[in-house]
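Here the structure is laid out as structure tokens; the discussion comes afterwards.
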Amino acid sequence: MWTKETKVVILTGAGISAESGIRTFRASDGLWEEHRIEDVATPMGWERNPQLVWDFYQERRRQLFEVGPNPGHVALTKLEEYLDEMLLVTQNVDNLHDRAGSKNLIHIHGELEKLRCEECDYVGIMMEDHDLTSSFVSCPECSNAVMRPHIVWFHEMPMRMSEIEKALNQCDVFIAIGTSGHVYPAAGFLASAKQQGSHCIGINLDPPLNFDLFDEFHQGKAGEILPELVHQWINTEQP
Ligand code: OAD
């Protein structure tokens with residue numbers, strides 16, 4: 001049974017943004033079918049061919065203007081408004097949770113909107129027209145270095161892990177939405193939450209790799225299932 005005091009951690013993946021028109025990674029028409037991870041999502045790829053990597057992310061940065069949050073993103077903001085403590089961890093680098101209004105949100109794999117300077121570590125939202133072309137952008141702080149995408153690539157450390165681990169150790173309910181369970185450490189959150197006694201809920205189009213660990217699994221589209229589930233969760237509190 002849910003109350004306002006129920007502590008909830010939610011992990012989202014590409015599936016929650018699929019209904020907004022953003023391609024997932026591992027579907028038959030997914031991004032990794034067309035691009036090699038080694039080429040566009042590793043520090044070595046950036047070193048070898050920065051233009052290829054830059055163009056890949058610039059296309060995805062420009063796409064943010066063509067998409068918007070869907071009912072799945074919105075349902076999670078309703079749940080956050082109701083609960084005293086909810087942490088939303090997303091593997092998605094789009095800004096759809098932010099635009100839907102989620103507040104306590106961690107982008108564990110970085111954010112497309114932001115660029116980062118490898119020299120002085122400046123990070124900022126850079127989404128003006130001149131930031132979105134095929135030309136590299138210089139750092140607004142130290143001006144001599146070229147900015148890189150503020151994305152966590154394979155072989156790099158995901159962001160804010162200690163905050164996430166702390167929340168996982170204390171949560172009553174863990175919910176994974178739209179993620180295939182392939183990429184660690186995020187794919188390991190379910191096992192951590194389960195081990196410390198959380199009730200674990202999965203919402204996904206197809207059963208993910210770690211399907212067996214869920215206490216409750218809802219198969220289907222997040223944008224269709226989540227609004228109804230959130231409505232039920234918010235209305236189960238007894239007087
Ligand atoms: P995947 O593409 O691996 O998995 C997306 C999951 O969403 C699949 O299990 C689909 O069945 C499911 N799905 C698709 N449409 C859905 C819908 N409408 N509603 C619910 N579920 C749906 O994406 P992620 O698990 O997010 O990392 O991938 C994790 C990481 O791998 C990404 O953050 C990215 C990638 O490599 C980096 O780039 C570092």
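Since every read-out is calculated from the coordinates, none of them should be taken as a lab result. Bear in mind the structure is a predicted one, so any value in this text is a computation, not a measurement. Note: ideal-geometry Cβ built from the backbone for every residue, glycine included; neighbour counts use all protein chains shown.
Roughly how compact is the range 1-82, stated as its Cα Rg over 2.2 N^0.38 Å to two decimals?
Ratio of Cα Rg to 2.2 N^0.38 Å: 1.45.
What translational D, rounded to a whole number of µm²/s, comes out for the chain from Stokes-Einstein when the hydrodynamic radius is the Kirkwood one over Cα pairs, at 20 °C and 1.002 mPa s?
Calculated translational D: 115 µm²/s.
Grab the eigenvalues of the alpha-carbon gyration tensor for the range 113-223, scale each by 5, take roots, and send me the semi-axes largest first in whole angstrom.
37, 17, 11
How far, in nm, would the chain grow between residue 23 and residue 7 when pulled straight, counting 0.36 nm per residue and subtracting the alpha carbon separation?
So the chain would gain 2.7 nm between residue 23 and residue 7.
Take the alpha-carbon centre of the range 1-65, take the same for the range 81-147, and report the distance between them in whole Å.
Computed from Cα coordinates, the inter-centre distance equals 13 Å.
Please go through the residue pairs 78/221; 4/114; 7/114; 78/114; 4/221 and name each one whose alpha carbons sit more than 24 Å apart in this structure.
4/114; 7/114; 78/114; 4/221
What is the ratio of the Cα radius of gyration of the range 98-166 to 2.2 N^0.38 Å, with N the residue count, to two decimals?
The range 98-166 yields a ratio of 1.24.
Kindly rank 15-23, 219-227 from highest to lowest mean number of other beta carbons found within 10 Å of each residue.
Result, highest mean first: 15-23, 219-227.
By how many nm would the segment from residue 99 to residue 146 lengthen if fully extended, with 0.36 nm per residue of separation less the alpha-carbon distance?
Here the answer is 14.1 nm.
Can you list the cysteines of the chain that have no other Cys Cβ under 4.7 Å away?
So far as the 4.7 Å Cβ criterion goes, 171, 200 stand without a partner in the chain.
Among 57-67, 28-38, what's the highest-first ranking by average C-beta atoms within 10 angstrom per residue?
57-67, 28-38
Starting from the Cα gyration tensor of the range 38-101, multiply each eigenvalue by 5, take the square root, and state the resulting semi-axes largest first in whole Å.
Working from the Cα gyration tensor, I get semi-axes of 32, 14, 6 Å.
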